[in-house]
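What follows draws every value from the coordinates through simple rules; no lab data is involved. Please read these numbers as outputs of a predicted model, since none were measured by experiment. All Cβ positions, glycine included, derive from the backbone under ideal geometry; neighbour counts span all protein chains shown.
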Amino acid sequence: MNYTWDWSVLTQSPYLGWLLSGAGQTLAASAGSWILAMAVGFLIGALRSLPYRWTSAAASVYVEVFRNIPPLVQLFLWFFVFPEIVPASLGDWIKGQMPMPELTTTIVAIGLFAGSRVAEQVRAGVDTVRVRLLPAALATGLTPLQAYRLVLFPIALRRIVAPLTSELLITIKMSSIGLTIGLMELTAQSRQIENYTFHGFESYACATAVYLSIGLIATGFMHIVNRRLTGSLAGNR
Amino acid sequence: MDWSVIWKYRELLAHGMVVSAMLVGAGMIGGMIVGALLALARLSRFRTLAFVVGGYVTVIRSVPLILVLFWFYFMLPLITGQPLGAITSALTTFVLFEAAFYCEIFRAGILAVPQGQSLAAAATGLGNWQTLRLVVLPQAVAAMVPLLLNQAIILFQDTSLVYVVALRDFLTAANVVVGLNERPIEVYTFVAVVYLAICYGVSLLVGRSKKAALR
């Protein structure tokens with residue numbers, strides 16, 4: 001194998017700056033997608049667990065559509081198709097004036113995809129406590145909305161922290177598909193450094209190490225969330 | 001709207017689907033074979049081997065598939081000393097990438113069988129290999145089937161990512177059609193519906209196999 005190692009490319013200008021800004025874009029896309037995914041996931045998950053046929057059917061359709069189309073196809077639909085089928089004024093705004101179009105589109109696409117997966121976890125979590133706790137909560141005089149917000153969600157959330165952690169990790173990795181529409185995130189930057197310097201080993205190894213670190217930090221963060229949520233209940237589950 | 005563009009380029013699109021299917025086939029068959037070996041290594045008594053394989057599995061599962069595609073696209077020609085096409089590097093990536101996920105499915109499936117089962121089997125006089133083959137694996141496989149089908153759906157969706165190394169799978173072929181005709185609405189909608197129909201179909205099977213596994 002004929003290859004000259006030079007780890008110093010990683011600290012040279014402009015490559016170090018590229019890696020840092022790439023990591024920043026990856027974090028921004030991941031954080032944005034995750035916030036959207038949690039919001040959508042809890043809403044759809046709650047609708048799916050409601051005893052009304054129409055809301056749960058509509059929520060099921062959402063989940064099946066968004067998790068059964070590959071995220072990259074969804075990204076292309078949002079980027080190339082969506083601006084063409086909405087009213088012209090909105091479409092022109094998306095194509096011309098929307099701030100950070102690549103990042104925004106990536107966040108929307110990944111957030112809605114991940115939201116369908118989070119919704120499944122939320123529904124599973126709510127289902128385990130709903131049968132007993134919903135009637136009890138309603139009997140104390142809470143409205144259905146309050147019952148979900150104050151009783152079912154807090155308890156369900158504690159039970160689904162572990163699956164949500166793996167959904168978060170999937171979402172972070174998924175942010176790399178943004179490069180197909182021009183988002184210069186971590187994978188794109190490491191690829192660009194390879195193209196410029198031919199030092200692919202070093203740049204890809206660096207990207208790999210950063211993804212591992214982000215994953216570890218995210219896992220640690222969710223661990224702390226789990227401790228805070230479960231608190232004294234941690235011992236007797 | 002002009003849906004005739006899809007019929008016009010049916011051969012290009014069909015060929016793309018064949019490439020996608022090849023990647024799924026290689027990822028499943030190759031990935032399961034390598035994944036089974038990795039799982040045995042991780043469960044083996046050789047500490048160093050188990051540790052190294054564990055490290056490989058963790059790293060592969062922590063990075064995006066696109067980055068792994070880039071890794072092999074860049075590295076394979078250097079290792080073999082000759083230029084390789086996108087298809088070779090993509091097939092290699094899918095086998096080695098999926099292997100890490102199958103390894104964990106197999107390992108979890110085997111570990112989920114209560115240890116008392118192996119002890120009981122040993123007590124009846126079965127050897128190690130017989131215990132694994134006749135007692136542990138049949139129970140482990142039943143628990144694994146839904147996970148394996150689920151992984152197949154994810155794998156099929158992931159094949160669309162070979163777009164980044166310009167390999168003409170179904171999505172990339174559709175992209176070529178859009179480039180030729182400027183008909184993104186019809187073509188991407190068609191692509192989405194096809195993926196949806198296939199993945200939803202398989203996910204119905206997952207639901208059934210889950211019920212069967214609970215029985």
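Values computed for the structure shown
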item	result
Positive-end residue, chain A charge dipole about Cα centroid, Cβ charges, pick of A:Gly32, A:Tyr15, A:His223	A:His223
Cα-projected label distance for A:Asn195 with B:Met1, points at 7 Å along beta-carbon direction, nm	3.7
Mean residue ellipticity (222 nm) of chain A, computed from DSSP H runs ≥ 4 via -39,500 (n - 2.57), nearest 500	-24500 deg cm²/dmol
Separation of the A:Leu212 and B:Tyr200 label points, Cα + 7 Å toward Cβ, nm	4.2
Label point 7 Å beyond Cα of B:His15 along Cβ direction - residues of region B:175-206 with amide nitrogen under 13 Å	B:176-177
Overall dimensions of region A:23-235 by Cα: Rg and Dmax, Å	19.9, 68
Charge dipole (debye, nearest 20) of region A:23-235; +1 at Cβ of Lys and Arg, -1 at Cβ of Asp and Glu	1000
Kirkwood Rh, Cα atoms: Rg over Rh of the protein assembly as shown	0.98
Overall Cα dimensions of chain B, principal axis frame, Å, largest first	70, 48, 24
Cut-off of 10 Å, at most 13 other beta carbons, DSSP loop: longest stretch of chain A lacking such chymotrypsin sites (Phe, Trp or Tyr not before Pro)	A:53-237
Region B:135-167 versus region A:152-218: alpha-carbon centroid distance in Å	21
Efficiency of FRET between A:Leu43 and A:Thr230 - r from beta-carbon atoms, R0 22 angstrom, step 0.05	0.35
Charge dipole of the protein assembly as shown about the Cα centre (unit charges at C-beta), most positive-ward option of A:Leu179, A:Ser56, B:Thr124	B:Thr124
Rounded tilt (10° steps) of A:15-49 against the dominant C-alpha axis of chain A	20
Nearest-0.05 FRET efficiency for B:Phe46 and A:Phe221, computed from C-beta distance (R0 60 Å)	0.95
Dipole magnitude (debye, nearest 20) for chain B, charges at Cβ of Lys, Arg, Asp, Glu	820
